[in-house]
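A quick write-up on the structure given underneath.
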Amino acid sequence: MNLCIYFVLVLAVFAGTAYTWNDVEIRNQIGPNIVLHMKCHMTNPTNDLGSKDLQFNTSHTFEFRDVDTINWKKEETQCLLRYGRYYHDVQVYRESFLTRSGILRSWEARRDGIYFKTRHDRPWEFKFHWIVGK
Ligand SMILES: *[C@@H]1O[C@H](CO)[C@@H](O)[C@H](O)[C@H]1NC(C)=O
């Protein structure tokens, strides 16, 4: 009996959160006339999200939904960001074990590197230096 009540409560909690979207945002703040190239793909399940060129001072948002209540195979999204000779392969999103919603992963490309934040009202955090290609 107790176990049954517990089970119903757990179900209710998950049902309330299962169907909202999570956002992954990529922003180009590198500099005037500099285009940011992005090429993204997902794993678990494998899905090519394609390539996109972002003009300066624009952004692109992917929306994700954690569909299973418990995620044995964590879905990951990887984006190769590049401008000129500079690039970095960034894991922009990794699903957690339990389903979440309303998650923000915001990435901002700047001249000196890639910055990150998880809430719009937070300051940017420096994350990666660009790798210099040939
Ligand atoms: C970037 O975009 C914002 C909002 O669209 C605008 O207010 C701002 O002037 C732009 N900045 C530059 C440097 O273009």
Within the stretch 42-70, restricting to residues that are at pLDDT below 90 and of a type in the set (D, E, K, R), the one that is nearest to the ligand (Cβ to nearest atom) is 63
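Which one of 79, 4 is loosely packed, with under 12 Cβ neighbours inside 10 Å and either at negative phi or modelled with pLDDT of 95 or more (or both)?
Details: 79 fails: loosely packed, with under 12 Cβ neighbours inside 10 Å.
That would be 4, the only listed residue that is loosely packed, with under 12 Cβ neighbours inside 10 Å and either at negative phi or modelled with pLDDT of 95 or more (or both).
Count, please, the residues in the stretch 19-38 that happen to be modelled with pLDDT of 95 or more and assigned to a loop (DSSP other than H, G, I, E, B).
Kept after step one, since they are modelled with pLDDT of 95 or more, are these residues of the stretch 19-38: 25-38.
Checking the rest, the ones that are also assigned to a loop (DSSP other than H, G, I, E, B) come to 29-35.
Total satisfying the criteria: 7.
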The strands (runs of 3 or more DSSP E) lying entirely within the stretch 84-134 that contain at least 1 residues which are of a type in the set (Lys, Arg) and more than 14 Å from residue 27 (Cβ to Cβ) are 86-94
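The values are calculated or read from the model by the stated rules, or taken from the named source; none is laboratory data. Quantities reported herein were computed from a predicted structural model and do not represent experimental measurements. Methodologically, a virtual Cβ is constructed for each residue, glycine included, from the backbone with ideal geometry; neighbour enumeration extends over all protein chains shown.
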